[in-house]
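The values are calculated or read from the model by the stated rules, or taken from the named source; none is laboratory data. What you see is a predicted model; the values in this text were computed from it and never measured. Note that we place each Cβ from the backbone using ideal geometry, even for glycine, and neighbour counts take in every protein chain shown.
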Amino acid sequence: MVSPRGTGSGATVADLVARQWGDHRVGLRHGDLVLTHHQVASGAAARAALLADLLPRGAEPHLGILLDNTPEFPLWISAAALAGAAVAGINPTRRGAELARDILHTDCRVLVTERAHLPLLDGLDLPGVRILVTDTDACAALLAPYEGAKPGDTAIRAVGPGSRLLLYFTSGSTGAPKAAICSQGRLAAAGASLVRHFAVRPDDVHYICMPMFHGNAVIANWAPALAAGASIALRRRFSASGFLPDVRAYGATYFTYVGRAVHYLLAVPEGDDDRDHRLRTGFGTEAGAVDAARFERRFGVRLTEGYGSSEGGAAIQRTPGTPPGAIGRAAPGGDLAVVDPATGEECEPARLSPGGRLLNGDQAIGELVNRGPNPFEGYWRNPEAEAARVRQGWYWTGDLFFRDTDGFLYFAGRADDRLRVDGENLAAAMIESILCRWDAASGAAVYAVPDPVSGDQVMAAVALRPGAAFDPVAFGAFLAAQPDLGTKMAPRFVRVLSRLPVTATNKIHRVALRRESFRCPEPVWWRPAGELHHRPLTGEDIRALLGAYEEHHRAWLL
């Protein structure tokens, strides 16, 4: 065992976990399992003591968590907080070498997983990583000697607000995902801020259905529950059909969402009891104004859209009077500006038609930057990425926005080659490297096209080798055989051409590809939702797609 943790100034997540000791109200529910706050704190303390013995001396006290949303996930985050360790959330949609890279890059010495995910680890070379399988007798036997531990008994390092707690991945355009750092103080402060903003009460129930390996579920849902002394209810994986039954069964009052989750919920057949629940708050991103209004009409719950860069460098809050389509204004303390990346000069205010169409996009759209103080804490062992993110003393979000004459900010896309599909950030370069393995392809470029509802869809321009033809069945078989193709990476649209367009400097002309999207002279194949193979995109298909963009007020993104 190691000496007890030190007492740092300011609130920490460890303080919030320890505060649960002796609180015998319900703290966590998952299916039929019910744990009190006291039991959660006790379980976290036992795992913290085990960590102190498992993590090798002299190494970074990092553990990876490769789990669905089971009770073990918040227990191990809480344990890491008590122990002065850090958690890397490992994405189970990653595969092969890319999955191994995430684990090794973050210096995980212990990987906490479950039997359902063990096949993902088959054949991976993970030197120095001890694998702990939570739902086994072996793990229970390891924990048994530590069951009498209390919060504060054991730590590897002294705990303070600056103690590193989370390493969560955010994708970029130039290769592997970057692991953004979040300290105990920043996470505790974020939780407290959301408690104030949404008036979270100790008797609230936070429903966590978004994956906890993402910052959304931990920062925007688990942290405010912990800060307020509210309870949490976990769903292993998001289910649109299971959402309302869960919300009723748990008495949930608060949930978070990303991407198309709200759209999927609205696709569930309506019922006479759609408003028979205790929900009062939904908080997230990318629902879209149309679906948000539909959600409120149907379920009686107003959704609050927000924007916060994964790294914490910029935040936008929705306030009363925010117009349709806008995200909001800068959060208190933020000095946000929309600037031309080439000059650093502010872009001119947006001019909008009475219907909300942007009339001066070339002059109004720029990159969102924070020119004031920001809590960005860097990337784990990636100084080049940090330098690209913070330039001229400003934090550059990598996201495109425009601002209207009243100062409201509107999201306009990605400034680099990132894509955001169903709430997942993807790097174009990774998908390109996979597509270039296809024997029929001489080259590939991957880029985002707007999804009709929210976020992006993956489009690929594929140059075929002389004499080759696009065979959708063979292409589908190739994709299915790639071990490192994540579940969100497969292209929805494929543009087939003889050669990729290039700029004067012989770089792929991505701007031209994005601008033309699926309305281009070459043949385009697409895979509609629910279909197994790509088929030719017809004029009728394009008209239907454009109608969907118009319906959701996103046609201007094309």
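Observations on the model:
- Test: residue in the stretch 397-408 that is without any contact (Cβ under 8 Å) to a residue 60 or more places away in the chain and of a type in the set (Ser, Thr, Tyr): yes
- Residue count for the stretch 314-329, restricted to those that are surrounded by fewer than 21 Cβ atoms within 10 Å (Cβ to Cβ) and either among the hydrophobic types (A, V, I, L, M, F, W, C) or within 12 Å of Pro373 (Cα to Cα) (or both): 1
- Test: residue in the stretch 240-253 that is among the acidic types (Asp, Glu), farther than 29 Å from Thr405 by Cβ and modelled with pLDDT of 90 or more: yes
- Residue-level check: of (1) within 25 Å of the chain's Cα centre (by Cα); (2) buried (at least 23 other Cβ atoms within 10 Å of the Cβ); (3) touching a residue at least 40 places away in the same chain (Cβ under 8 Å), Ala49 misses just (1).
- Within the stretch 294-331, if we keep just the residues that are in contact (Cβ under 8 Å) with a residue 12 or more places away in the chain and in a helix (DSSP H, G or I), the residue that is farthest from the chain's Cα centre (by Cα) turns out to be Arg298.
- Total residues in the stretch 490-512 satisfying the condition of being modelled with pLDDT of 90 or more and within 26 Å of the chain's Cα centre (by Cα): the figure is 5.
- Of all residues in the stretch 501-543, those being surrounded by fewer than 18 Cβ atoms within 10 Å (Cβ to Cβ) and either assigned to a loop (DSSP other than H, G, I, E, B) or of a type in the set (Val, Ile, Thr) (or both) number 22.
- Residue within the stretch 86-97 that is farther than 30 Å from Ile431 by Cβ and crowded, with 18+ Cβ neighbours inside 10 Å present: no
- Residue in the stretch 175-185 that is surrounded by fewer than 20 Cβ atoms within 10 Å (Cβ to Cβ) and either at pLDDT below 95 or touching a helix residue (DSSP H, G or I) at 6+ places or on another chain (Cβ under 6 Å) (or both) present: yes
- Per the listing Gly27, Gly64, Gly31, the residue uniquely in contact with a strand residue (DSSP E or B) (Cβ under 6 Å, 6 or more places away or on another chain), over 20 Å from Ser163 (Cα atoms) and not acidic (Asp, Glu) is Gly27.
- Some residue of the stretch 426-447 being touching a residue at least 60 places away in the same chain (Cβ under 8 Å), crowded, with 20+ Cβ neighbours inside 10 Å and part of a loop (DSSP other than H, G, I, E, B): no
- Of all the listed residues (Ala350, Ala337), the sole one being hydrophobic (A, V, I, L, M, F, W, C), in a loop (DSSP other than H, G, I, E, B), more than 24 Å from Ala217 (Cα to Cα) and touching a residue at least 24 places away in the same chain (Cβ under 8 Å) is Ala350.
- Scope the stretch 113-133; condition out of contact with any Asp or Glu (no Cβ under 7 Å at 6 or more places or on another chain) and among the β-branched types (Val, Ile, Thr); matching residues: Thr113, Val129, Ile131
- So Val473, is it of a type in the set (A, V, I, L, M), surrounded by fewer than 14 Cβ atoms within 10 Å (Cβ to Cβ) and at pLDDT 95 or above: yes
- Qualifying residues in the stretch 513-535 (those that are at pLDDT below 90 and either among the small types (Gly, Ala, Ser) or in contact with a helix residue (DSSP H, G or I) (Cβ under 6 Å, 6 or more places away or on another chain) (or both)) - the one farthest from Trp556 (Cα to Cα): Gly530
- Check on Ala481, over 31 Å from the mean Cα position of the chain (by Cα), surrounded by fewer than 20 Cβ atoms within 10 Å (Cβ to Cβ) and either touching a residue at least 24 places away in the same chain (Cβ under 8 Å) or over 28 Å from Glu286 (Cβ atoms) (or both): no
- Complete set of residues in the stretch 248-293 that are part of a helix (DSSP H, G or I), in contact with a Phe, Trp or Tyr (Cβ under 7 Å, 6 or more places away or on another chain) and not small (Gly, Ala, Ser): Tyr250, Val262, Leu265, Leu266
- Qualifying residue in the stretch 429-441 (condition: among the β-branched types (Val, Ile, Thr), under 19 Å from the mean Cα position of the chain (by Cα), within 23 Å of Lys488 (Cβ to Cβ) and not assigned by TED's automatic domain parsing to the domain that holds Phe478): no
- Within the set Ala180, Ala217, Ala140, Ala199, the sole residue that is free of Cβ contacts under 8 Å to residues at least 40 places away in the same chain, among the small types (Gly, Ala, Ser) and within 25 Å of Thr113 (Cβ to Cβ) turns out to be Ala140.
- Any chance Pro245 is more than 17 Å from the chain's Cα centre (by Cα) and in a loop (DSSP other than H, G, I, E, B): no
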